[in-house]
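These notes are about the structure you will find just below.
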């Protein structure tokens with residue numbers, strides 16, 4: 001087992017950022033770590049890497065405890081933070097040389113590790129250039145090279161494709177897929193298509209708690225009762241929203257399209273197999289000019305939204 005988290009908790013005064021998070025990640029898995037902003041993803045990752053000390057609980061990386069043996073943990077982990085901490089006035093070669101030496105690579109092996117990283121991360125054409133002159137995509141590649149230069153067995157990547165254009169995203173995804181053939185990868189992302197494309201498993205965290213853990217197909221099976229119902233009508237949208245929230249405040253509703261002629265709203269549920277009847281009765285009782293009511297099976301996006309919606313969001 002590469003990563004074992006045991007009741008990881010991080011508190012800041014009365015605020016709990018991560019609440020008793022427990023999970024395991026096996027060697028060779030690529031695991032997507034999902035959650036809305038402020039859910040606790042980055043805090044969890046920083047506790048796994050030893051950057052933050054847990055308030056309670058602990059974690060092990062390849063058998064090394066993050067609390068009692070942090071130096072061994074750092075040797076096992078390559079970490080790419082969301083805000084890529086590069087020295088912009090150094091060349092790629094200078095930065096990788098520096099990163100290798102402070103990561104504990106033996107002096108005799110530094111040159112060889114640099115050459116390997118330049119080739120692996122596709123930096124052949126820019127390795128002599130100043131980092132500050134590089135594109136965002138190449139900077140991310142340099143950050144990955146930094147995280148890999150000491151040949152760790154576990155990679156922890158925090159939003160590795162943030163801010164990249166579509167072509168750069170595909171390049172970084174391919175690189176992560178190749179790395180996953182030899183290493184364990186935990187990556188956080190907001191891009192659900194990214195998870196479906198490269199991850200064998202998904203962890204979803206919300207308000208500091210792990211709320212789902214499994215493969216994308218596992219989650220689909222677990223929440224197989226879930227569907228999205230689309231309701232198209234010709235009445236005033238604002239009045240419709242006010243009235244249906246009075247009667248069904250627990251319903252998750254999203255406006256898909258609106259115009260003077262008609263509106264389209266989406267209702268998502270995982271368990272309520274009577275939702276369509278409720279919607280039909282509501283339209284009948286409130287004289288809603290119903291144009292269409294149809295369903296669509298829930299996908300990973302629907303499951304994510306349902307599991308991470310907050311009480312505050314439901315009331316808005």
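The values are calculated or read from the model by the stated rules, or taken from the named source; none is laboratory data. Note that the structure is predicted; figures quoted are calculated from it, not measured. No Cβ is skipped: glycine too gets one built from the backbone with ideal geometry, and neighbour counts run over all protein chains shown.
Name the residues in the range 268-299 that are in a strand (DSSP E or B) and either more than 30 Å from the chain's Cα centre (by Cα) or at pLDDT 90 or above (or both), would you?
Within the range 268-299, the subset in a strand (DSSP E or B) is 268-269, 290-297.
Within the range 268-299, 290, 291, 292, 293, 294 meet the criteria.
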Within the range 187-215, the residues that are touching a strand residue (DSSP E or B) at 6+ places or on another chain (Cβ under 8 Å), in a strand (DSSP E or B) and under 19 Å from residue 10 (Cα atoms) are 188, 203, 204, 205, 209, 210, 211
message: For the range 84-93, check the following and say yes or no: at least one residue is over 27 Å from the mean Cα position of the chain (by Cα) and assigned to a helix (DSSP H, G or I).
response: yes
Here the residues within the range 149-172 that are touching a helix residue (DSSP H, G or I) at 6+ places or on another chain (Cβ under 6 Å) and either surrounded by fewer than 20 Cβ atoms within 10 Å (Cβ to Cβ) or over 22 Å from residue 203 (Cβ atoms) (or both) are 149, 153, 163, 164, 168
Answer with yes or no whether residue 58 is more than 21 Å from residue 179 (Cα to Cα) and not in a loop (DSSP other than H, G, I, E, B). yes
Any chance residue 37 is crowded, with 18+ Cβ neighbours inside 10 Å and either touching a residue at least 12 places away in the same chain (Cβ under 8 Å) or over 19 Å from residue 213 (Cβ atoms) (or both): no
Counting only residues that are under 17 Å from residue 81 (Cβ atoms) and either modelled with pLDDT of 90 or more or in contact with a strand residue (DSSP E or B) (Cβ under 8 Å, 6 or more places away or on another chain) (or both), the range 138-178 contains a total of 21
Of those in the range 8-19 that are in contact with a strand residue (DSSP E or B) (Cβ under 6 Å, 6 or more places away or on another chain) and farther than 24 Å from residue 199 by Cα, the residue surrounded by the fewest Cβ atoms within 10 Å (Cβ to Cβ) is 9
query: Can you spot a residue in the range 109-121 that is touching a strand residue (DSSP E or B) at 6+ places or on another chain (Cβ under 8 Å) and modelled with pLDDT of 95 or more?
result: no
| message | I'd like to check something: does the range 65-79 contain any residue that is in a loop (DSSP other than H, G, I, E, B), assigned by TED's automatic domain parsing to the domain that holds residue 177, within 26 Å of the chain's Cα centre (by Cα) and touching a residue at least 12 places away in the same chain (Cβ under 8 Å)? | response | yes
Log entry, pairs with first residue in the range 42-55 being on the phi > 0 side of the Ramachandran plot, second being assigned to a helix (DSSP H, G or I), beta carbons closer than 9 Å, six or more apart or on different chains, reads 50/70; 50/71; 50/73; 50/74
Residue 222 fails exactly one of (1) touching a residue at least 12 places away in the same chain (Cβ under 8 Å); (2) under 19 Å from residue 300 (Cα atoms); (3) surrounded by fewer than 20 Cβ atoms within 10 Å (Cβ to Cβ), namely (1)
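Give me a count of the residues in the range 173-186 that are assigned to a loop (DSSP other than H, G, I, E, B) and surrounded by fewer than 19 Cβ atoms within 10 Å (Cβ to Cβ). I'd like the intermediate steps shown before the answer.
Narrowing the range 173-186 to residues assigned to a loop (DSSP other than H, G, I, E, B): 180-183.
Still in the running and surrounded by fewer than 19 Cβ atoms within 10 Å (Cβ to Cβ): 181-182.
Final tally of qualifying residues: 2.
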In the range 226-248, anything in contact with a strand residue (DSSP E or B) (Cβ under 8 Å, 6 or more places away or on another chain) and in a loop (DSSP other than H, G, I, E, B) is listed as 226, 234, 235
Only one of 191, 256, 210 is at pLDDT 95 or above and under 30 Å from residue 32 (Cα atoms), namely 210
